[in-house]
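Okay, so here's the structure we're looking at.
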Amino acid sequence: MNDAEALKKIAGEAACEFVKTGMRVGLGTGSTVKYTVLELGRRIAEEGLEIVGVPTSIATQELATEVGIPLVELGSLDGLDIVIDGTDEFDPNFQLIKGGGAALLREKIVAQQSAAMVVVADERKQVDCLGAFGIPIEITPFACDVTVSVLASLLNCQVELRMSDSKHILTDNGNCIADARIGPTITDPVATEASILNVAGVVQVGLFNNMCDAIVLATTDGVTTLMKPNGRL
Ligand code: 5RP
């Protein structure tokens, strides 16, 4: 395991401290939170942890099933106690860019139904100003090129549809996904989120504002948990 992977594992596993028996847990998507899912599976098998999970992607659903986490439909619950998820960037105000793994729509639906959100990250995700990563935007297949042009004009930057073998990459929801290469310039992520959501054809945007309560951050010096002041945890 290389250093970057080791940091993901440390963060992913450490976040399990937030999970207690009886909780309804949102299970995020990505290569960091994968270690959270694996550790929760281990605790269920070896320590008698009792939880139910709601996955945010087909990939997480498959992994969680494999490791024995009981899964339920989000609609069958009256909300979730916590969601643990990865991020592509986080800023000093705990605002996030997510969607590098194209799961942003389900991730945001689950996060909005959760009483608290814990993010797992390594130090490469910590930024002063959001935007170097590029903002993932899920858009309808209908007239997706038009939507991309509108977004490029609105944001005054390059917006690229994700492609594979000359075909649009589709999300778990059957939509296209694009990335807005805006650069590290997002000083008002709430306003940027609102303006992108206002474009017809946009299904959801990977700016997660005022959702994250804690960040379990793995660095080469060890793991530390950043708690949002006046957050929900
Ligand atoms: C998927 C996501 C991921 O949580 C995000 O891309 C971080 O992934 P990783 O832990 O693999 O870097 O938002 O849509």
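Restricting everything to alpha-carbon atoms, can you work out Rg to Rh for the chain with a Kirkwood hydrodynamic radius? Display every interim value, and only then the final one.
Values: Rg = 17.3 Å, Rh = 17.9 Å.
When Rh is taken as the Kirkwood radius, the ratio is 0.97.
With a 10 Å Cβ neighbour count serving as the proxy for reagent exposure, in which order, fewest first, do Ser153, Ser164, Ser195, Ser114 appear? Show your work: numbers first, answer last.
Working: Ser153 11, Ser164 8, Ser195 15, Ser114 24.
In order of increasing Cβ crowding within 10 Å: Ser164, Ser153, Ser195, Ser114.
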Query raised in the report: Given a Förster distance of 25 angstrom, what is the FRET efficiency for Arg232 paired with Ala4, based on the Cβ-Cβ distance and rounded to 0.05?
Result: 0.25
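Can you tell me the dipole magnitude for the chain around its Cα centre, using point charges on the Cβ only (Lys, Arg +1; Asp, Glu -1), in Debye to the nearest 20? Walk me through the numbers before you get to the answer.
Details: 17 positive and 31 negative charges, 48 e Å.
Magnitude of the dipole: close to 240 debye.
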Report summary line: Counting lysine pairs in the chain that sit 8 or more positions apart or on different chains, with Cα atoms under 20 Å apart, gives 17
Requested in this report: Would you kindly calculate the mean projected area, averaged across all directions, of the convex hull enclosing the Cα atoms of segment 130-233, in square nanometres?
Outcome: 8.8
Report task. Determine the distance separating the Cα centre of segment 100-161 from the Cα centre of segment 177-233; give it in Å without decimals. Result -> 9
Report task. Can you find, among Gly100, Pro136, Gly26, the residue farthest towards the positive end of the dipole of the chain? Put +1 on the C-beta of Lys and Arg, -1 on that of Asp and Glu. Result -> Pro136
**Report entry** Scattering profile of segment 49-97 at q = 0.25, 0.28, 0.30 Å⁻¹ [log10 I(q)/I(0), Debye over alpha-carbon scatterers]
**Finding:** -0.99, -1.10, -1.17
Report summary line: Per the rule of 0.36 nm per residue minus the C-alpha distance, extending Ser166 to Val146 adds in nm 5.4 nm
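Can you say what percent of the DSSP beta bridges in the chain, counting only those with both residues inside, are antiparallel? Round to 5.
On the way: 26 of 45 bridges.
Of all bridge pairs located within the chain, approximately 60 percent are antiparallel.
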Report task. For segment 82-162, list log₁₀ I(q)/I(0) at each q in 0.19, 0.21, 0.24 Å⁻¹, using the Debye formula over Cα point scatterers of equal strength and ignoring solvent, two decimals each. Result -> -0.92, -1.05, -1.19
**Report entry** segment 1-79 shape via C-alpha gyration tensor axes, a/c threshold 1.5
**Finding:** prolate
Query - Net dipole in debye of segment 135-205 [+1 Lys, Arg Cβ; -1 Asp, Glu Cβ; about Cα centre; nearest 20] - result: 100
Query raised in the report: Helix 33-47 versus the longest principal axis of the chain: what is the Cα-based angle in degrees, 0 to 90, to the nearest 10?
Result: 20
**Report entry** Using alpha-carbon coordinates, inclination of helix 3-14 to the longest axis of the chain, degrees
**Finding:** 60
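Since every read-out is calculated from the coordinates, none of them should be taken as a lab result. Bear in mind the structure is a predicted one, so any value in this text is a computation, not a measurement. All Cβ positions, even for glycine, are placed from backbone atoms using ideal geometry, and neighbour counts span all protein chains on display.
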